[in-house]
Ligand code: 1HE
């Protein structure tokens, strides 16, 4: 059962094409411009930033999904007006701020994908920590054919998922990946039957919400940085963050519960 929470800091977001509600400890964020296939207008990008920068304290994980038949059709092309180079830089940087608020916020974010996940929509999905696709999902970067380039952090995030060669191919040739191939190449981590991605994403987010907050924080903020450090720096950063995590009272009580036979074992899947 969903309960709607109108957080004062989220008011502007709500009037700009975002729907927001809490389900237990999960913030459920819906792109809500179905008539425009959830195309990301400047207002919607700002709204995303506001939502993820101001999640209620009780949120321990988040899910983002799209209303209608598609997750997101990318940049709202009707707003693509003549911009000089400086304005273009600021526009792209506004996307960076918003999608950084998703990726580097307070809680892990699970994207529930269906239909078109294209252009800026794929950039948004790439800023999330887990991507769950249903069978109807398809992935493309039509920027190449529109005569533009990714501007929402896609050239940083997407090659980390699928490699530079595959992203180059998508943009040069307009290649579209279906849901099965999207999972095969690493665009998504989960593939579920059509209509089931939101349910699966919510299950995962509820589970994530039960983790020790410091572990989730380390996974969001330390792991990606460690992975980009030279190995000797990475080992030191890893040692520091793991020692901080294991010193927390929450870690002590969880390990104690396992040793006393009171916590779940790892089960063969
Ligand atoms: C839009 C947009 C949009 C739909 N901006 N209005 N993204 C693209 O190049 C993808 C463009 N969109 C599509 O290819 C298709 O619309 C979809 C495959 C996503 C969906 O197809 P469909 O048949 O369900 O819908 P439709 O009939 O194409 O669109 C319905 C309406 O949404 C229609 O408006 P209407 O007033 O005629 O009803 C479309 O014009 C509108 N619409 N997509 C504006 N993207 C930070 S840089 C990021 C750079 C990019 O993202 S470039 C890639 C842009």
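Read the figures in this text as sums done on the coordinates, not as results from a lab. No experiment lies behind these values; they were computed from the predicted model shown. No Cβ is skipped: glycine too gets one built from the backbone with ideal geometry, and neighbour counts run over all protein chains shown.
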(request) Under 20 Å from a label point 7 Å along Cα→Cβ of residue 264: give me every residue in the stretch 88-114 with its amide N that close. (result) 108-111
(request) Run through the DSSP bridge list for the chain and note the antiparallel percent, rounded to the nearest 5. (result) 30 percent
(request) Would you please put 160-167, 203-210, 23-30 in order of how densely packed they are, using the mean number of other Cβ atoms within 10 angstrom per residue and starting with the highest? (result) 23-30, 203-210, 160-167
(request) Starting from the Cα of residue 87, step 7 Å along the direction of its Cβ; do the same at residue 160; then give the gap between the two resulting points in nm. (result) 3.2 nm
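Return the calculated 222 nm mean residue ellipticity for the chain, to the nearest 500 deg cm²/dmol, obtained by summing -39500 (n - 2.57) across DSSP H runs with n ≥ 4 and dividing by the residue count.
-13500 deg cm²/dmol
Given a cut-off of under 8 Å on Cα pairs at least six residues apart, what relative contact order in percent is computed for the chain?
The value is 16 percent.
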(request) For an R0 of 41 angstrom, estimate the FRET efficiency from the Cβ-Cβ distance between residue 172 and residue 79 and round to the nearest 0.05. (result) 0.95
(request) Take residue 104, project a point 7 Å from its Cα along the Cβ direction, then tell me which residues of the stretch 23-42 have their backbone nitrogen under 13 Å from it. (result) none
(message) Under the 0.36 nm per residue contour assumption, what length would be gained going from the current alpha-carbon distance of residue 210 and residue 146 to full extension?
(response) 18.7 nm
(request) Report the far tail of the P(r) of the stretch 3-209, meaning the percent of Cα-Cα pairs longer than 31 Å. (result) 12 percent
(message) So for the stretch 151-223, averaging the separation of alpha carbon pairs under 8 Å that are six or more residues apart and normalising by length, what relative contact order in percent results?
(response) 17 percent
(request) Using only Cα atoms, find the angle between the long axis of helix 164-173 and the longest principal axis of the chain, and express it within 0 to 90 degrees, rounded to the nearest 10. (result) 30 degrees
